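Working notes, structure below.
The values are calculated or read from the model by the stated rules, or taken from the named source; none is laboratory data. None of these values were measured; they are calculated from a predicted model. Backbone-built Cβ (ideal geometry, glycine too); neighbour counts: all protein chains shown.
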Amino acid sequence: SDMYQMKHITSNLKLSKFLGKKVRYKKDLLADDKFVSINGSLCKTEVYKVAFVQKDYRGKDVLRGYHTSYEDTFGRCLDPEEIEVAS
């Protein structure tokens, strides 16, 4: 977690609104076959629990979400522009 500078809090309001929430990919993105092929077919149905704010490989602040439907200890890097709170 040190390498990705993971933390439970952030001063970034856009990111902080997702922390601790269950999220899914935006439905309009899932209509794009290219998006689904890049992110895997599970992205169509999977819900993620956002646990951390972290830096991605480019140094950009992103979110780390964990699958809620099965054991997932590694998680997935989530772009806040691509997700919405799951209702």
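A few remarks follow.
- Count of the stretch 16-28 residues which are under 14 Å from the mean Cα position of the chain (by Cα) and assigned to a helix (DSSP H, G or I): 1
- Flag for LYS14 being charged (D, E, K, R), within 14 Å of ARG76 (Cβ to Cβ) and surrounded by 10 or more Cβ atoms within 10 Å (Cβ to Cβ): no
- The one condition in (1) of a type in the set (D, E, K, R); (2) modelled with pLDDT of 90 or more; (3) in contact with a strand residue (DSSP E or B) (Cβ under 9 Å, 6 or more places away or on another chain) that LYS7 fails to fulfil: (2)
- The stretch 34-87 - residue that is of a type in the set (A, V, I, L, M) and not in a strand (DSSP E or B) and, of those, surrounded by the fewest Cβ atoms within 10 Å (Cβ to Cβ): ILE38
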